[in-house]
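Q: Take a look at this one; I'll ask things after.
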Amino acid sequence: MFLEEVERMAKIFKELIRRKHVRIYAQYDTDGITSASIIAKVLIRENCNFELRVLKQLNSKTVKDVNFNENDFLIFLDMGSGQINLLKDAIEKTNVLIIDHHQPIKYEHPNLLHLNPLLFGEDPEKYSTSLLSFIFAKFVNPRNIDQIDLAIVGAIGDRRDEGIKVGAISNIVEEAKVLGFINVTKDLKFFGSNKPLFKVIAYSFDPLIPSIYGNEAAALQFLQDLGIRLKNGEEWRTLKDLTQEEKAILADGIIREKNGMVDYSEIFGEIFVLSKKPDFLADSREFSVIINACSRMGEHDLGIRLCLGDYSVYSKSMEKMEEYKKQIAKTMSFIENGRILEKENGIFIIGGKEIPDSLIGVITSLILASKKPNKPVFGLAYDSLTNMIKVSARKQTTDNINLRDILVNVASELRGEAGGHKDAAGAYIPVGKECEFIEKINKLVGEINAKK
């Protein structure tokens, strides 16, 4: 049923792009950018002109930036399913395609093509929008099979690789291996194999070492204390220079440094090497973070150009990557000084105007990874674009609560908006409602936990 519907939508898509002006609106994270790049490549191959715009979010404020008339064909990627109520005017006046894996609002209209796994009884946690876009692209033209590596990069950016053994990602990885687009190995989960080892350790998100993060001198000392040689002659050693014995020593050192709050499965993992990309983009995790970094630093076009094969922007994209890592390190240091409020049923990061709203989701994830709390983490930061407070929420996958439902409940009471997944969700609430939001969240999570 699901694939039959994708095929049906692809046929309608091919007819619409022949007679309408295409406008693409994509969410600005790695999943959205890779999805936009896949669909852009499809349109280029169909000799179709189009416009592409990247949005942080689609909500009641930003929907005003969605321009259209009856001669347009609107495409929304990695957003739209939960914002159908905001798009009804567009849907009633022109044709709309939504490719998304977030919780959808059920709505049927002859002008609407809505590709979301939840609408077909599929598990949305096993899909990213990039995977859905790739499946769709193959039905438009089998030639688009060569976009399979971008689909995997997007899935990794959306953390769908955590369910690699099941679902769509598993099937697509196997297909990519057979076709020679990726090699899968088991190794340290750090990325940046050509960079000095101490820099890789200092700025690693996964695994994250809180006592070292952002501090290159501390990373150097950490490696020296482990007895790991730092240089080969005058050259700094890199990840790929490490012996198997040194990798084991490094893993043991990380476990000790984190007081046993991490195990080998979080340090070693499956590494997806992109066989048909240049060496500097061959590590799928690094490619994913580069795309995300460029977007978070306000340069969405760099990630799209890299995805489309314009490698002339690689140097500039790496500059943005370095800015991104240093900004995160600075922010992590900042919030540890009185910006974290711990309540009975949640941890709250009070970002205000000091933490960029584009980074609050990343910071929330890093606090969850570093502290490993048995309660959810909520990050709050001011968003100047909407003049609202942006909320990012994260929790351990073992915690059996639904963050999306919790945020939808509380945000609606405060005249805000929310969406996302059960383990990672987001919201926008009015400025000045932060304290009320925190109290309501703390109370609601407590009530849910009491019923377990």
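The values are calculated or read from the model by the stated rules, or taken from the named source; none is laboratory data. Since the model is a prediction, treat every value here as computed from it, not as a measurement. Don't worry about glycine lacking a Cβ; one is built from the backbone with ideal geometry, like all the others, and counts go over all protein chains shown.
Q: Collect the residues in segment 96-112 that are surrounded by fewer than 22 Cβ atoms within 10 Å (Cβ to Cβ) and either at pLDDT 95 or above or more than 24 Å from the chain's Cα centre (by Cα) (or both), keeping them in residue-number order.
A: Lys106, Tyr107, Glu108, His109, Pro110, Asn111, Leu112
Q: Can Asn215 be described as under 22 Å from the mean Cα position of the chain (by Cα) and closer than 30 Å to Phe334 by Cα?
A: Values: under 22 Å from the mean Cα position of the chain (by Cα): no; closer than 30 Å to Phe334 by Cα: yes.
Criteria not met by Asn215.
Q: Out of Arg8, Arg53, which single residue is free of Cβ contacts under 8 Å to residues at least 60 places away in the same chain, surrounded by fewer than 19 Cβ atoms within 10 Å (Cβ to Cβ) and part of a helix (DSSP H, G or I)? Reasoning before the result, please.
A: Values: Arg53 fails: part of a helix (DSSP H, G or I).
One residue alone meets the criteria, Arg8.
Q: Out of (1) surrounded by 15 or more Cβ atoms within 10 Å (Cβ to Cβ); (2) without any contact (Cβ under 8 Å) to a residue 24 or more places away in the chain; (3) among the acidic types (Asp, Glu), what's the single condition that is false for Glu436?
A: For Glu436, the exception is condition (1).
Q: Could you grab me the full set of residues in segment 182-208 that are under 23 Å from Ala369 (Cβ atoms), part of a loop (DSSP other than H, G, I, E, B) and over 21 Å from the mean Cα position of the chain (by Cα)?
A: Ser193, Lys195
Q: I've got another one for you. For the structure I just gave you, tell me whether Glu92 is among the acidic types (Asp, Glu), out of contact with any Ser or Thr (no Cβ under 9 Å at 6 or more places or on another chain), surrounded by fewer than 24 Cβ atoms within 10 Å (Cβ to Cβ) and free of Cβ contacts under 8 Å to residues at least 40 places away in the same chain.
A: Details: among the acidic types (Asp, Glu): yes; out of contact with any Ser or Thr (no Cβ under 9 Å at 6 or more places or on another chain): yes; surrounded by fewer than 24 Cβ atoms within 10 Å (Cβ to Cβ): yes; free of Cβ contacts under 8 Å to residues at least 40 places away in the same chain: yes.
In short, yes.
Q: Closer than 24 Å to Val63 by Cα and touching a Pro at 6+ places or on another chain (Cβ under 8 Å): is that true of Arg404 in this structure?
A: no
Q: Here's a follow-up. For segment 362-373, state whether one or more residues are basic (Lys, Arg) and farther than 22 Å from Phe191 by Cβ.
A: Within segment 362-373, the subset basic (Lys, Arg) is 371-372.
Pick out the ones that are also farther than 22 Å from Phe191 by Cβ and you get 371.
Yes, segment 362-373 contains a residue that is basic (Lys, Arg) and farther than 22 Å from Phe191 by Cβ.
Q: Could you please let me know if Ala26 is under 23 Å from the mean Cα position of the chain (by Cα) and farther than 19 Å from Gly419 by Cα? Quick ask: steps written out before the conclusion?
A: On the way: under 23 Å from the mean Cα position of the chain (by Cα): yes; farther than 19 Å from Gly419 by Cα: no.
Spelling it out, it is not the case that Ala26 is under 23 Å from the mean Cα position of the chain (by Cα) and farther than 19 Å from Gly419 by Cα.
Q: Looking only at residues that are touching a residue at least 40 places away in the same chain (Cβ under 8 Å) and touching a helix residue (DSSP H, G or I) at 6+ places or on another chain (Cβ under 8 Å) in segment 302-328, which one is farthest from Asn442 (Cα to Cα)? Give the steps one after another, and end with the answer.
A: Looking only at segment 302-328, we keep the residues that are touching a residue at least 40 places away in the same chain (Cβ under 8 Å), and these are 303-304, 307-308, 325-326, 328.
Keeping just the survivors that are touching a helix residue (DSSP H, G or I) at 6+ places or on another chain (Cβ under 8 Å) gives 303-304, 307-308, 325, 328.
Working: Gly303: 38, Ile304: 39, Cys307: 41, Leu308: 44, Lys325: 31, Ile328: 27 Å.
Within segment 302-328, the match that is farthest from Asn442 (Cα to Cα) is Leu308.
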